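Worksheet: one structure, shown below.
Just so it is clear, none of the values below were taken in a lab; they were calculated from the coordinates. Not measured: the values here are computed from a predicted model. Reconstructed Cβ throughout: ideal geometry from the backbone, glycine too, with neighbour counts over all protein chains shown.
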Amino acid sequence: MTLPDALYDHDIDLSPLQACTLAIIGYGNHGRSHALNLRDSGVGKVLVALREGSPSRGKATSDGFDVVSLGEAAARADYISILAADEAHGAIWTDHVAPNRKAGQGLIFCHGFSIEYGLIDPPADCDVILAAAKGPGGAVRESFVRGGGLTGFWATQQDASGQADDIAKAYLKGLGCGRAGIFPTSFREEALADILGEQAVLVGGMCALARQGYETLVEAGLSPLMAYIDTVHELKYIAELIHMRGIAGMYAAISDTAEFGAHGVEARIADAVKPVFEDIVSDVTSGAFARRWVADFEQDRAGLHAARSRAAGHELEATGRYLRQALGLE
């Protein structure tokens with residue numbers, strides 16, 4: 001197995017980005033973290049672009065940023081970093097950026113979604129750059145403030161200016177990713193890995209296993225509290241072990257009983273979920289998932305809200321609230 005070499009802060013020149021006016025669209029977890037980190041790293045010309053009536057306007061202003069409309073950002077900035085929700089990128093591009101953008105203006109994304117699945121079709125004079133810090137938006141800022149950073153991945157879809165690669169790397173350095181390591185990727189690779197990882201493992205898969213484990217133990221006669229602790233609450237400790245040591249290191253740190261049983265069950269679970277994973281890959285790479293998600297967004301996220309309501313109504317949520325209150329966690 002061959003892995004790419006990492007780039008670090010000392011390998012990357014920040015000056016190409018410092019020479020530009022950068023506009024960040026959106027000021028949620030990603031937008032705020034990116035804006036603050038880039039400014040703290042020495043990127044001085046950072047605008048924050050928000051729609052009229054955005055609840056984030058006051059926060060961005062109090063953080064000291066020049067807050068402008070999306071149209072003004074498109075008219076002024078050399079590069080626009082679109083950090084609003086993925087599903088909104090098509091409307092942002094069509095309604096605000098494309099009609100107002102100055103010639104040669106580049107685009108920066110933190111996910112491959114909207115380019116890989118056709119929400120945006122950039123013109124030929126446009127740099128199209130991926131600069132992805134691999135982790136939640138809030139963690140981008142938290143790790144930076146602590147003196148660290150998240151692993152970063154960069155890609156260039158179009159290099160109209162001749163400096164797109166340098167801008168991508170400089171942007172990630174400004175986020176703090178050069179402290180952890182920066183690696184090359186592609187829009188397609190990042191989009192598929194991000195969506196499948198979230199759906200099948202980190203969020204959807206983990207939640208499905210936890211809920212099914214809880215339900216099975218309760219049906220077997222265990223108390224809901226015991227079932228919750230052993231299938232949901234203790235996930236934190238296993239995740240931390242894997243984060244620090246890897247899967248093999250996690251196995252070495254737990255009891256032999258747990259390890260012996262887990263090895264015996266892993267193959268059975270893998271056989272059961274592999275067809276599901278393969279279906280997800282087909283669904284994502286065909287663009288079907290993106291089309292469904294954008295359609296749901298255009299219907300005020302009706303499907304998402306219904307799914308949230310179902311999840312919130314599961315019995316284990318009440319058990320979890322009881323345990324967290326007993327532990328003083330909420």
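Given 0.36 nm per residue, what is the gain on full extension from Thr257 to Ala210 after removing their alpha carbon distance, in nm? Before the final figure, lay out each step's value.
Working: separation 47, 0.36 × 47 = 16.92 nm, distance 2.00 nm.
Computed gain between Thr257 and Ala210 is 14.9 nm.
The DSSP beta bridges internal to the chain are antiparallel in roughly 25% of cases.
Suppose R0 equals 45 Å; then what is the FRET efficiency for Ala302 and Glu234 from their Cβ-Cβ distance, rounded to the nearest 0.05?
Working: r = 35 Å, r/R0 = 0.77.
The value I calculate is 0.80.
Where in the chain are the helices, taken as whole DSSP H runs, whose Cα atoms extend 30 angstrom or more along the long axis and whose Kyte-Doolittle mean reaches at least -1.0?
Working: long enough: 256-285 (40 Å, 0.13).
Counting only whole DSSP H runs, the qualifying helices are 256-285.
With only Cα atoms counted, the range 9-185 has Rg and Dmax values of 14.5, 41 Å. For the range 9-185, relative contact order (Cα pairs under 8 Å, six or more residues apart, normalised by length) works out to 24 percent. Ranking Ala288, Ala227, Ile80 by how far each Cα lies toward the positive end of the dipole of the chain (charges on Cβ) leaves Ile80 at the top.
Taking R0 as 41 Å, what's the FRET efficiency between Arg321 and Thr21 from their Cβ-Cβ distance, rounded to 0.05?
Values: r = 47 Å, r/R0 = 1.15.
It comes out at approximately 0.30.
Sorted by packing (mean other beta-carbon atoms within 10 Å per residue), highest first, where do 180-186, 62-68, 11-17 land?
Values: 180-186: 19.0, 62-68: 15.0, 11-17: 16.9.
Highest mean packing first, the order is 180-186, 11-17, 62-68.
Computed extension length for Asn100-Val281: 61.5 nm, one decimal, from 0.36 nm per residue of separation with the Cα-Cα distance subtracted.
What is the order of Lys169, Lys134, fewest Cβ neighbours within 10 Å to most? All intermediate terms of the calculation are to be shown ahead of the outcome.
Working: Lys169 25, Lys134 19.
Fewest-to-most Cβ neighbours within 10 Å comes out as Lys134, Lys169.
Highest mean first, the peptides 122-130, 75-83 sorted by other C-beta atoms within 10 Å per residue fall in the order 75-83, 122-130. Distance from the C-alpha centroid of the range 196-265 to that of the range 1-65: 36 Å, rounded to the whole angstrom.
Checking the table Lys134/Lys169; Lys59/Lys102; Lys134/Lys236; Lys134/Lys173; Lys236/Lys274; Lys59/Lys169 against a 23 Å threshold on Cα-Cα, which pairs fail?
Working: Lys134/Lys169 14 Å; Lys59/Lys102 28 Å; Lys134/Lys236 19 Å; Lys134/Lys173 13 Å; Lys236/Lys274 25 Å; Lys59/Lys169 28 Å.
Those over the limit are Lys59/Lys102; Lys236/Lys274; Lys59/Lys169.
A straight chain from Ser223 to Ala267 at 0.36 nm per residue would run longer than the Cα-Cα distance by 13.0 nm.
For the range 154-279, the pair-distance distribution built from all alpha carbon pairs, in bins 5 Å wide starting at 0, is 2, 8, 11, 16, 17, 13, 10, 8, 6, 5, 2, 1, 0, 0 percent.
Please compute the Kirkwood hydrodynamic radius over the chain, one decimal place, Å, based on all pairs of different Cα atoms. Mind dumping the intermediate values first?
On the way: mean 1/r = 0.0455 Å⁻¹.
It is 22.0 Å.
Rounded to the nearest 500, the 222 nm mean residue ellipticity of the chain from helices alone is -15500 deg cm²/dmol, with -39,500 (n - 2.57) taken per DSSP H run of at least 4 residues.
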